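*Asks:* Okay, handing you the structure first.
The values are calculated or read from the model by the stated rules, or taken from the named source; none is laboratory data. Since we're looking at a predicted model, the values are computed, not measured. With ideal geometry, Cβ positions are generated from the backbone for all residues, glycine too; neighbour counts draw on all protein chains shown. SASA here: full protein model, heavy atoms, side chains in, ligands and nucleic acids out. Shrake-Rupley method; radii C 1.70, N 1.55, O 1.52, S 1.80 Å.
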Amino acid sequence: MTRAARGALAAWLAGAIGCAAVIARTDFSTDLSAFLPRSPSPAQQVLVEQLREGVVSRLILIAVEGEPPDRLAQISRRLAASLRASASFASVNNGEEAGFEKDRDLVWRHRYLLSPAVKAERFSAQGLRVSLDELLLQLASPAGVLLQRVSASDPGGELMRLLQQFAPQARPRSHGGVWLSRDGGRALLVAQTRASAADIDAQKQALGTIHDSFAQAAAGAEARLLVTGPGVFSVTSRERIRQDAWRLSLIATALIAAMLLALYRSVRVLGLGLLPVASGTLAGIAAVSLAFGSVHGITLAFGVTLICEGVDYAIYLFTQNAPGASAQTTFERIWPTLRLGMLSSICGFSAMLFSDFTGLAQLGLFSIAGLVVAAAVTRWILPALLPRGFAVTAVAAFAPQALALVRAAPRLRIPLLVLLAGAFAFLLVRPQPLWSGSLASLSPISPREQALDQQLRQDIGAPDVRYLVVVHAADEQAALRASEQAAAELHDSVAQGWLQGFDSPAAYLPSQATQRERQAALPAAETLRHNLRAAQKGLPFKPNAFEPFVRDVSAASSMPLLDRAGLQGTSLGLRLESLLVERPPGWAAMLPLRGVTNVEAIAGRIAGTSNSVLLDLRQQLDDLYRSYLREAVINSLLGAAAIVALLFASLRSPRRVFDVLAPLAAAAVVTCGLLVLAGIELSIFHLVGLVLVVAVGSNYSLFFDREAPSGQDRSRTIVSLLFASLTTVIGFGLLAFSKVPVLTAIGSTVGIGAALALVFAAIMSRQPEAEEAYARAS
């Protein structure tokens with residue numbers, strides 16, 4: 001080994017150790033903000049906050065079925081009691097009264113500060129008479145037994161009014177004190193996790209608690225557990241992607257390793273062939289960590305597939321090394337072509353590197369760093385470690401058939417032109433857009449799971465927020481006052497029938513100004529007693545029956561105002577935190593709407609309030625995805641332009657540039673046509689796959705364009721391209737069988753595109769003379 005080789009090996013080892021040290025301190029995140037624009041709009045920021053922190057995102061809907069209603073009710077009570085004892089849940093509701101002591105105690109103590117019905121006229125003699133008449137009617141109703149406990153302290157019914165205000169708007173039927181579905185076949189529960197939906201590990205732990213608690217509650221029964229909700233989908237998606245990627249990667253690795261072992265017939269050479277990929281992966285992770293401070297899970301999952309080109313580098317070197325030739329000499333001969341292919345790939349991946357979306361920028365940097373290091377390892381490390389005189393003897397067995405196919409390929413130019421024209425026309429004239437504009441096309445959740453979620457939401461009456469009023473203000477109190485103004489407009493919209501209802505942070509924490517107004521509306525103790533005596537005339541109440549009411553009103557008139565800290569530890573506090581958030585440079589209050597029937601009319605009413613806007617979250621999500629896709633397409637076109645400029649600068653021949661680019665363009669168009677013809681909606685990950693097709697296929701075109709010094713050199717080149725293409729088709733083709741749409745998109749695109757790129761490069765090749773000469777010599 002020469003001194004230069006030893007130096008290169010030492011540098012490689014030092015770099016690998018350095019990368020490993022960086023990776024050891026790397027934070028691997030799953031935060032959705034990595035796939036937000038780096039400078040998001042306020043609407044986009046609110047959207048992601050709702051996905052991560054909103055009340056709806058924390059709900060887990062639970063159903064138990066498979067037993068008679070009485071048995072289901074018993075299991076529901078046991079399951080709810082077990083979950084309420086867990087620290088993973090802020091609240092668990094199954095229709096029982098248990099489990100809400102903290103909320104009820106807080107509402108009871110602060111009812112005169114929280115109730116919007118507290119006005120001065122309510123405590124006049126006439127107002128109290130109306131309240132007492134209503135109380136008599138309620139005491140005579142079936143709920144009278146419950147009211148007797150609080151009527152002396154709360155004859156106006158503020159507690160019941162608030163409990164109804166905070167309760168779910170739509171409730172299932174009740175059986176045995178718990179919720180059952182309309183047909184009585186399922187017991188229903190709603191659990192609200194303390195952790196946000198973005199904390200997938202905590203959501204997974206909460207799901208584990210639900211399953212363990214159900215196993216104990218339903219011991220000896222034939223009951224079945226059903227769970228759904230955003231947190232369930234997050235955990236399911238991550239596990240599904242992880243399992244599919246791991247399983248299919250293992251299969252692909254085993255198949256590729258077996259194929260290369262049969263080709264190389266050396267375990268040592270096989271290990272050396274995987275060295276560029278391992279080195280590129282380490283470098284890619286370390287580069288992203290240093291540049292962004294963390295590595296997103298999607299970057300790690302899909303970035304590894306983007307540097308599979310590193311496997312091809314070793315195949316080109318090993319397969320094209322002639323018997324008795326020096327590996328260093330061989331690499332120096334093929335290096336100009338490999339270097340140009342690598343630079344073309346970098347131009348393509350730069351389309352992602354300069355993206356405004358952090359997630360795509362990470363993918364771009366990962367791929368570029370991985371390719372550069374993989375090429376460097378192949379250039380300076382592998383020739384020094386390759387056994388002296390090594391050559392792939394299997395080339396002689398494959399060369400005649402491969403060359404025969406290459407010689408015959410140009411006869412298919414006219415059929416190829418017809419196919420290309422047909423694919424282009426098909427894509428051009430179809431009425432639907434080429435690219436899907438909906439993020440739902442990427443959902444890993446099956447239609448059956450989505451149908452279950454919709455069914456349980458209808459049974460339970462759980463919110464499915466689409467429309468949201470957002471109010472921006474300078475500070476917390478200003479946000480609460482503004483949300484109260486917006487709520488007044490929304491109450492009018494409810495009266496008009498434009499929506500069924502809404503939620504507001506001011507319902508759980510009124511502004512201090514509103515609380516002071518309510519305190520000012522409370523009369524002094526003697527005034528209240530005088531008004532009560534006048535209101536009680538002719539009614540069957542004892543003279544001092546409502547003295548507890550007088551004491552409570554007197555205490556409320558001077559009690560400290562309720563603040564955010566006072567709501568801590570209650571489910572009301574958790575709702576407030578999700579609806580009222582501090583975000584530089586101020587605060588945002590969010591009011592989710594239910595049952596919207598007239599969006600335009602509501603938006604018009606809201607437009608009259610200061611700093612308020614009505615958002616359609618579904619539309620915002622699709623708009624975000626479309627902007628994401630639009631930018632990716634533009635950057636890809638810029639990357640393609642950079643590849644064209646690079647080829648013109650390197651090849652200095654318009655004809656040769658056309659020969660290199662034509663197979664890649666044809667492969668991209670035909671691949672898109674085949675996918676669309678199969679009924680597949682093209683997404684942004686299909687676009688990523690097309691970028692990878694160009695990256696891998698550029699090597700095929702460049703090697704076909706390169707003039708071979710001899711027929712034998714040409715035969716080794718053709719065989720190396722064949723096996724490089726096979727590794728790509730195997731590695732990515734298996735992903736096409738995944739049940740995860742993202743993996744399927746990348747796998748199907750690259751698997752089809754890489755194979756077509758090789759075939760089209762052979763068909764359009766202008767170098768048949770060497771193949772003919774070698775065939776005659778053979």
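*Asks:* Could you pull out the trypsin sites (Lys or Arg not before Pro) across region 533-619 that fall in loop regions by DSSP (anything but H, G, I, E, B) with no more than 16 other Cβ atoms inside 10 Å?
*Replies:* Loop-located and lightly packed - K537.
*Asks:* Within the set of other residues whose C-beta is less than 11 Å from the C-beta of G586, count the net charge using Lys and Arg as +1 and Asp and Glu as -1.
*Replies:* -2
*Asks:* Okay, next question. Which whole-number value in Å² is the accessible area per residue of region 488-575, probe 1.4 Å?
*Replies:* In whole numbers, region 488-575 has 49 Å² accessible per residue.
*Asks:* Send over a whole-number figure in Å² for the accessible area per residue of region 178-326, probe 1.4 Å.
*Replies:* Result: 39 Å² per residue.
*Asks:* Let me ask something else about it. Using Cα pairs closer than 8 Å and at least 6 residues apart in sequence, work out the relative contact order for the chain, in percent.
*Replies:* The value is 20 percent.
*Asks:* Per residue, how many Å² of accessible area does region 608-683 show with a 1.4 Å probe?
*Replies:* Counting only protein heavy atoms, the per-residue value for region 608-683 is 48 Å².
*Asks:* Same structure again: Got a number for carbon plus sulfur as a percent of region 207-321's accessible area, 1.4 Å probe?
*Replies:* Carbon with sulfur: 66 percent of the solvent-accessible area.
*Asks:* Let me ask something else. Loop only by DSSP, 12 or fewer other Cβ within 10 Å of the Cβ. Give me the chymotrypsin sites (Phe, Trp or Tyr not before Pro) in region 482-561 that pass, ordered by residue number.
*Replies:* none
*Asks:* Here's something else I'd like to know. Pull up the cross-link candidates among the aspartates and glutamates for K542, meaning alpha carbon to alpha carbon under 18 Å and not fewer than 8 places away within one chain.
*Replies:* D133, E134, D154, E526
*Asks:* I'd like the distance separating the alpha-carbon centroids of region 697-746 and region 548-606, in whole Å.
*Replies:* 60 Å
*Asks:* Give me the number: length gained by fully extending D492 to D133, i.e. 0.36 nm times residue separation minus the C-alpha to C-alpha distance, one decimal in nm.
*Replies:* 126.4 nm
*Asks:* A follow-up question, please. Between region 251-295 and region 338-403, what is the separation of their alpha carbon centroids in Å?
*Replies:* Each part's Cα centre sits 11 Å from the other's.
*Asks:* Full extension from L385 to R411: what is 0.36 nm times the residue separation minus their Cα-Cα distance, to one decimal in nm?
*Replies:* 5.1 nm
*Asks:* Counting Lys +1, Arg +1, Asp -1, Glu -1, what net charge surrounds L275 among other residues with beta carbon under 13 Å of its beta carbon?
*Replies:* Residues close to L275 contribute a combined charge of +2.
*Asks:* Give me the net charge of P155's neighbourhood, meaning all other residues with Cβ under 14 Å from the Cβ of P155; Lys, Arg count +1, Asp, Glu -1.
*Replies:* Once positives and negatives cancel, what remains is +3.
*Asks:* Which aspartates and glutamates have a Cα lying under 12 Å from the Cα of K204, excluding residues fewer than 8 positions away in the same chain?
*Replies:* Partners found: E239.
*Asks:* OK, next. What value, in deg cm²/dmol to 500, does the helix sum -39500 (n - 2.57) over DSSP H runs of n ≥ 4 give at 222 nm once divided by the residues of the chain?
*Replies:* Value at 222 nm, helices only, nearest 500: -21500 deg cm²/dmol.
*Asks:* How much length, in nm to one decimal, is gained on full extension between H530 and K542, taken as 0.36 nm per residue of separation minus their Cα-Cα distance?
*Replies:* Gain on extension, H530 to K542, equals 2.9 nm.
*Asks:* For Q454 paired with Q512, estimate the spin-label separation in nm (one decimal), with each label point 7 Å from Cα along the Cα-to-Cβ line.
*Replies:* For Q454 paired with Q512, the spin-label model returns 4.8 nm.
*Asks:* At most 15 other C-beta atoms within 10 Å and a DSSP loop state: those are the exposed GluC sites (Glu not before Pro) I care about. Give me the longest piece of the chain that has none.
*Replies:* 223-706
*Asks:* In whole angstrom, how far apart do the alpha carbon centroids of region 619-654 and region 462-515 sit?
*Replies:* About 44 Å separates the Cα centre of region 619-654 from the one of region 462-515.
*Asks:* So the label point goes 7 Å from the Cα of S294 along Cα→C-beta, right? Which residues of region 200-221 then have their backbone N under 14 Å from it?
*Replies:* Residues 200-202 qualify, since their backbone N sits under 14 Å from the label point.
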